[in-house]
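Data block below; observations after.
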Amino acid sequence: MAGGFAEAGADLELVGITKRFPGFTAIEELNLTIPAGSFFALLGPSGCGKTTTLRLVAGLEDPTAGRILIGGKDVTTTKPYQRPVNTVFQSYALFPHMTVLENVAFGLKRRRIADPLGKAHEALRLVELDHVAQRKPAQLSGGQQQRVALARAVVNRPALLLLDEPLGALDLKLRRQMQIELKDIQSDVGLTFLHVTHDQEEAMTMADTVAVMNKGQIEQMGAPEELYELPKTAFVANFLGQSNLFTGTVTNSGKESIIVDVAGTKIEVPRERAQRHAGEVTIGVRPEKLMLHTSAPKPTPGTNVIGPGRVNDVSFSGVSTQYSVTVPKLGNVIVFAQNMVFGPVVNDGAEVWLAWTVDHGFGLLDDPADGPRFEPDTDTKSIAVQRREKLEEELEEA
Amino acid sequence: MAFGAFATSAPVVESAPRRRSKVALLLLLPGIAYLALFFLVPLVSLVLTSFQAKTPGTDIGVYEYAFKIENYGFVFSTYSEHMLRSLLYAVVATALALLFSYPLAYFIGVTLRKFPLLQALSLTLVIAPFFISFLLRTLAWKQILSDEGPVISTLKALSLLGSDAHFTGTPGAVIFGLAYNFIPFMTLPIYTSLEKLDLRYVEAGSDLYASPVRTFLSVTLPLSAPGVISGTLLTFIPISGDFVNASNAFLGSSETAMVGNVIESQFFTSQNYPIAAALSIILMAAILILVSIYVRKSGTEDLV
Ligand SMILES: Nc1ncnc2c1ncn2[C@@H]1O[C@H](COP(=O)(O)OP(=O)(O)OP(=O)(O)O)[C@@H](O)[C@H]1O
Ligand SMILES: [Mg+2]
């Protein structure tokens, strides 16, 4: 049994992990290394295997194949209570027959850590719930229960903390506050956090490394900026923020850049930002990188221009305005423009050209022939919950 | 207009609870009538009988209403041994039934969760003995456990028992019979609470460094406590008053007589109704006291 508080985080290594449920493969050949003391966020659509990954690490599920190493030690066959790991469960799983305080002190008591109640109170103060310490979980609101679940895991200061959407039920202000608390705890002791979230912004702001998971595999992994600025697959490009994607044939593969012919329009992409350099490729650019022009801009080197197209939708969202532009043969293109002036720069129905710096474009790894891969197929949640979450996500993005 | 609205809404708000309580009363009526007729009336009659005195100059079995409190004194001095024996047997048999039933209920309610068909089949097997009369089952055990029966003779043949050893008629046989007969009453309520047990709590326990034993004691057992409590009550109460297993004709002997046997013989053989009634009332009071202590203890006791 892991005794005492962790002095520092432990690194986590998953080697060739596969998890098959009867008739369903949830995780396929997953390889993942999380360095000690890092804040690692796992993003992905519902049902892609995030919870299953955490359960495998916690020891609540046995892998079908592969090994799990925590702090260099192989724990694949170790029982959950012997692993230096704590989990904030997606379903909270607070013991209903114990008070909030007893819940939080539970892990400390099991490890015979001095003054469990004092430390439990301290953890409850951290999540601003010390005043309900004597209540039963059923007497708390959903968000309060979630914070108790957070306190119950964090209070143990494990070398590796697994967080399964630990802030999902909180309002924005409280969520920001808890994010800061979590980040503080993590960096103070240098613990390793493996954080599952649906909130991209949360993943981007908190994590050192973000991994996007899809259908039981890690699609792409890296620093948040890297992932956002240079997505490698259409799935990542659309899951993290929005992207305008075009499919075309490479007509010129130069040393610095490649030229792609998209339905007659030539688009240039820097060579090192493109994953494929020949044949049919998908390229893309983020909506905020696009500039609207009301007259055809002069072709200049280092700039891509498409158009003319027609604005078919303008929606104002505070800091920026979202324009939807229909470009013949290229389809719909989304543009985010900062609101530097009052009102939209162009109106619905206006004729516009779109331009962006070549350096902002990216080329994807996907073979366009495979079609889009970003629809999650299976799910752990009820349809109503999914729909609500989708709505909330959309609201948040807006 | 606004005042009018308030005026009309006020009585509606007030009358709603009253109407609801009337409906509740109406729905409770059959239950109350049943209790009055079949519990209260017999209870009062029993209390009155327990104070009756023999009508002077009459034959056996004729009594008149009196306030003969000495009946209780007589019962206490004569039958306290039977009383204590009953409660002791009941405690031991209930404990045995619990020890047997909990793992069984856990197996059916938790382990077999993934196999609904096997689960249903096992439950049926638990209830199956009920299809055969209680008396027949107990008689069958008497045969099986008798000195010439298969169990004892085998044990004797293996020299695990002396040649003059016997089992029927001993307290062990009575307790065995009691526990056996009431096991379904223990298993089913425990099964019901274990079947609902959310295994995520057990997982949370193991995630928080609790060994399987510790998790069982701190999480599984307290969460199934309602089933354990109702199971023990459903077993303990009828066992305390049982008069079949301990009787001569079944698994007992005169040394194992319980209160139930005494009441039976007082009532039917000696026709001493006041003594039988006083015994019943004392037994009822004893059970009531023990059960309320138990329920209070298990309700507030911190099992963690
Ligand atoms: N015990 C199980 N038996 C069979 N399939 C399972 C089991 N547990 C999970 N799955 C499947 O494995 C897949 C991954 O589930 P998982 O809970 O890891 O998803 P998730 O990424 O956490 O989703 P969400 O964001 O909705 O929580 C799902 O398709 C789910 O249906
Ligand atoms: Mg999940």
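The values are calculated or read from the model by the stated rules, or taken from the named source; none is laboratory data. Since we're looking at a predicted model, the values are computed, not measured. Heads up, the Cβs are rebuilt from the backbone with ideal geometry, glycines too, and the neighbour counts pull from every protein chain shown. To get the accessible areas, we keep the full protein, side chains included, count just its heavy atoms, and leave off ligands, DNA and RNA. Shrake-Rupley method; radii C 1.70, N 1.55, O 1.52, S 1.80 Å.
Brief remarks on what is shown
- For q = 0.11, 0.12 Å⁻¹, Debye-computed log10 I/I(0) when each Cα of chain A counts as one equal scatterer: -0.87, -0.99
- Peptide A:79-92 has a mean of 4 when you count, residue by residue, the C-beta atoms of other protein chains within 10 Å of its C-beta.
- Sequence of A:351, A:397, A:272 from largest to smallest accessible area, 1.4 Å probe: A:272, A:397, A:351
- Cross-link reach list, lysines versus residue A:329, counting only Cα pairs under 24 Å and skipping chain neighbours closer than eight places: A:266, A:289, A:298
- Most to least accessible of B:131, B:51, A:362 (protein chains only, probe 1.4 Å): B:131, B:51, A:362
- Shape category assigned to the range B:77-303 from the gyration tensor of Cα positions, a/c cut at 1.5: oblate
- To the nearest 10, the accessible area of residue B:268 is 140 Å² with a 1.4 Å probe.
- Placing unit charges on the Cβ atoms only, positive for Lys and Arg and negative for Asp and Glu, gives the range B:111-203 a dipole magnitude near 280 debye about its Cα centre.
- Total buried accessible area between A and B, probe 1.4 Å, nearest 100: 2000 Å².
- For the range A:242-370, the alpha carbon convex hull comes to 106 Å³ per residue, rounded to a whole number.
- Of the solvent-accessible surface of chain B, computed with a 1.4 Å probe over protein heavy atoms with every protein chain present, carbon and sulfur atoms account for 74 percent.
- Cα-based convex hull volume of the range A:118-253 per residue, rounded to whole Å³: 141
- Relative to the longest principal axis of the Cα atoms of chain A, the long axis of helix A:172-189 makes an angle of roughly 70 degrees.
- With a 10 Å cut-off around each Cβ of B:194-201, the average count of Cβ atoms from other chains is 2.
- Cα-Cα separations in the protein assembly as shown greater than 36 Å, expressed as whole percent: 62
- Among the listed pairs A:50/A:73; A:79/A:173; A:19/A:119; A:79/A:119; A:79/A:232, those beyond 29 Å (Cα-Cα): A:79/A:173; A:19/A:119; A:79/A:232
- In sequence order, the range B:52-60 has phi-based couplings of 5, 10, 5, 6, x, x, 10, 6, 4 Hz under the Karplus curve 6.51 cos²θ - 1.76 cosθ + 1.60, θ = phi - 60°, and Gly or Pro positions carry x.
- For residue A:163, the amide hydrogen comes within under 5 Å of the amide hydrogens of A:88, A:194, A:195, A:196, counting only partners 5 or more places away or on other chains and with H modelled in the peptide plane.
- Angle between chain A longest axis and helix A:116-126 axis [Cα atoms, degrees, rounded to 10]: 30
- Karplus-derived 3J(HN,Hα) values for the range A:43-55, using 6.51 cos²θ - 1.76 cosθ + 1.60 with θ = phi - 60°, are 10, x, x, 4, x, 8, x, 5, 4, 4, 4, 4, 5 Hz; glycine and proline are entered as x.
- Solvent-accessible area of residue A:324, all protein chains in place: 10 Å² (probe radius 1.4 Å, heavy atoms, ligands and nucleic acids excluded).
- Distance between the range A:76-91 and the range B:149-198 - C-alpha centres, whole angstrom: 41
- Cα-based Rg of the range A:12-228 normalised by 2.2 N^0.38 Å, two decimals: 0.99
- Shielding by partners, peptide B:216-224 (average Cβ within 10 angstrom, other chains): 2
- The listed peptides B:35-42, A:231-238, A:12-19, ordered by packing as a protection proxy, come out as A:231-238, A:12-19, B:35-42 (highest mean of other Cβ atoms within 10 Å first).
- In the distance distribution for the range A:1-126, Cα-Cα pairs more than 27 Å apart total 26 percent.
- When the P(r) is computed for the range B:50-173, the part past 23 Å accounts for 64% of the Cα-Cα pairs.
- Here the Karplus relation 6.51 cos²θ - 1.76 cosθ + 1.60, evaluated at θ = phi - 60°, turns the backbone of the range A:255-270 into coupling constants of 6, 8, 8, 10, 10, 10, 8, 9, 6, x, 8, 8, 10, 9, 10, x Hz, with x for every Gly and Pro.
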